[in-house]
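**Student:** This structure is in structure tokens; I'll ask about it shortly.
The values are calculated or read from the model by the stated rules, or taken from the named source; none is laboratory data. Everything numeric in this text was worked out from a predicted model, so none of it was measured. Here the Cβ positions follow ideal geometry from the backbone for every residue, glycine too, while neighbour counts run over all protein chains shown.
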Amino acid sequence: MDLNAVPTHRTAITAPAARWAWLLDGPTRGRAATIHAEGCQLATDHAHPLNTTVALEVLARPGTAACPGCDAAETLLPILHHGQNGDGWEETD
Ligand SMILES: [Zn+2]
């Protein structure tokens, strides 16, 4: 009995979205919290990094916007709209 001989199945979970990094800019006076793609020039120094899962969660909250000036809106909004809820067809625009 050699335990080392037991094959270990390390299934690498590769979510395609995992390679993206995002920045969350907190709400400022009169402005909603904003998600940016990492490196966006519109992000402030106060923005803090998020992974994609968290970015989507934050973005799903009312009062959080995706920056239209970088990849955030283009990349995250379609994912969000395609539904974390199973069927993604409730939102039409
Ligand atoms: Zn941005």
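**Student:** Could you check, for the stretch 25-34, whether at least one of its residues is at pLDDT 90 or above and of a type in the set (Asp, Glu)?
**Tutor:** Yes.
**Student:** A further question on this structure: Could you check the stretch 42-66 and list, in sequence order, the residues that are more than 14 Å from Ala21 (Cα to Cα) and either within 11 Å of the ligand (Cβ to nearest atom) or hydroxyl-bearing (Ser, Thr, Tyr) (or both)?
**Tutor:** Those that are more than 14 Å from Ala21 (Cα to Cα) and either within 11 Å of the ligand (Cβ to nearest atom) or hydroxyl-bearing (Ser, Thr, Tyr) (or both): Leu42, Thr44, Thr64, Ala65.
**Student:** Tell me the residue from Ala66, Ala37 that is touching a Cys at 6+ places or on another chain (Cβ under 8 Å) and small (Gly, Ala, Ser), please.
**Tutor:** None of the other options fit; the residue is Ala37.
**Student:** Which residues, counting only those in the stretch 67-84, are within 16 Å of His36 (Cβ to Cβ) and either without any contact (Cβ under 8 Å) to a residue 12 or more places away in the chain or more than 10 Å from the ligand (Cβ to nearest atom) (or both)?
**Tutor:** Hits for the stretch 67-84 are Pro68, Ala73, Glu74, Thr75, Leu76, Leu77, Ile79, Leu80.
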